[in-house]
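Below is one structure, written out as structure tokens; comments come after it.
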Amino acid sequence: MNGNLVVLGVALLAWGLLFLYLLRLERRIRDLEKR
Amino acid sequence: MALRLLLFLWIAAAMLGGFLWAPLVTALGASTRVLYFHIPSAWITVLALGWSMLHSVQYLRTRRLDHDDQAAAAAELGVLFCIVAAVSGSLWAKAQWGSYWNWDPRETTIFFLLLIYGAYLALRSAIEGEEKRARLAAAYSVIAFVTVPFLVFVVPRLHATLHPSPILPQPGERGAMDPRIRICFLAMLAGFTALFFWILSLKVRLVRSERRARQESAAQS
């Protein structure tokens with residue numbers, strides 16, 4: 001398999017996971033602020 | 001939410017462009033792609049540490065803890081992005097210079113920067129009182145930031161280094177970037193900047209919520 005595509009896939013996966021984590025964190029902070 | 005999704009797509013598109021559309025620099029080969037992560041991380045390091053210093057100055061002037069929250073969160077993110085820049089730079093050094101770490105002036109100065117701001121975080125964690133911690137940390141942050149331009153821009157220029165100049169050549173000049181590389185690089189730079197401010201706002205909001213909860217529970221008891 002092309003090494004560059006593997007690196008790209010890993011980078012996109014890491015970015016996607018970080019993005020989802022940040023969205024979840026933001027939702028939890030919003031709940032905390034409402035309380 | 002729409003802005004967040006736009007940021008996600010923006011950075012993903014910049015990555016795809018950098019890997020699939022932009023050409024490689026002949027001298028760098030496949031390691032050209034490190035550029036899309038390494039330089040934006042280094043830029044965010046300087047931006048974050050500068051942001052921390054500005055809010056430290058504001059704290060010393062106004063004594064408002066809001067500024068201390070901003071300064072602390074920005075310094076933490078500055079250290080985090082500095083580590084990303086150091087690790088990505090080390091991978092690039094292995095590909096280009098044959099060694100992960102060889103105490104090149106640029107590597108040495110980034111190491112000192114990490115030590116200086118690691119001490120800032122240690123100082124914050126060692127002091128109990130909120131006001132005292134904010135005051136001492138703000139004074140330290142202002143003094144620490146004086147070293148940043150020297151370590152990032154001046155010292156590596158005073159000594160022979162393998163690291164390229166931090167000033168990018170303009171189009172038409174020798175060593176100028178291919179336009180497609182430039183587009184993807186600038187898109188990543190903008191994306192990282194937006195990401196930094198997003199994470200910074202989350203961190204500051206979290207600290208404020210925790211403080212408010214502490215104050216409320218103290219008032220109840």
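Looking at residue B:85, is it out of contact with any Leu (no Cβ under 8 Å at 6 or more places or on another chain) and farther than 23 Å from residue B:210 by Cβ?
The answer is yes for residue B:85.
With under 24 Å from residue B:199 (Cα atoms) and either among the aliphatic types (A, V, I, L, M) or crowded, with 17+ Cβ neighbours inside 10 Å (or both) as the only criterion, which of B:65, B:28, B:24, B:91 stands out?
The conditions single out B:65.
Here residue B:21 meets the list (1) away from chain A (no Cβ under 12 Å); (2) modelled with pLDDT of 90 or more almost entirely, failing just condition (1).
Right, residue B:77: buried (at least 16 other Cβ atoms within 10 Å of the Cβ), assigned to a helix (DSSP H, G or I), away from chain A (no Cβ under 14 Å) and touching a residue at least 40 places away in the same chain (Cβ under 8 Å) or not? Judged against the criteria, residue B:77 is not a match. Only a single criterion out of (1) modelled with pLDDT under 90; (2) more than 16 Å from the chain's Cα centre (by Cα) is not satisfied by residue B:124, namely (1). Evaluated against (1) within 14 Å of another protein chain (Cβ to nearest Cβ); (2) small (Gly, Ala, Ser); (3) surrounded by fewer than 21 Cβ atoms within 10 Å (Cβ to Cβ), residue B:14 falls short on exactly one condition, (3).
The values are calculated or read from the model by the stated rules, or taken from the named source; none is laboratory data. Here the structure is a predicted model, which means the values were calculated and not measured. Methodologically, a virtual Cβ is constructed for each residue, glycine included, from the backbone with ideal geometry; neighbour enumeration extends over all protein chains shown.
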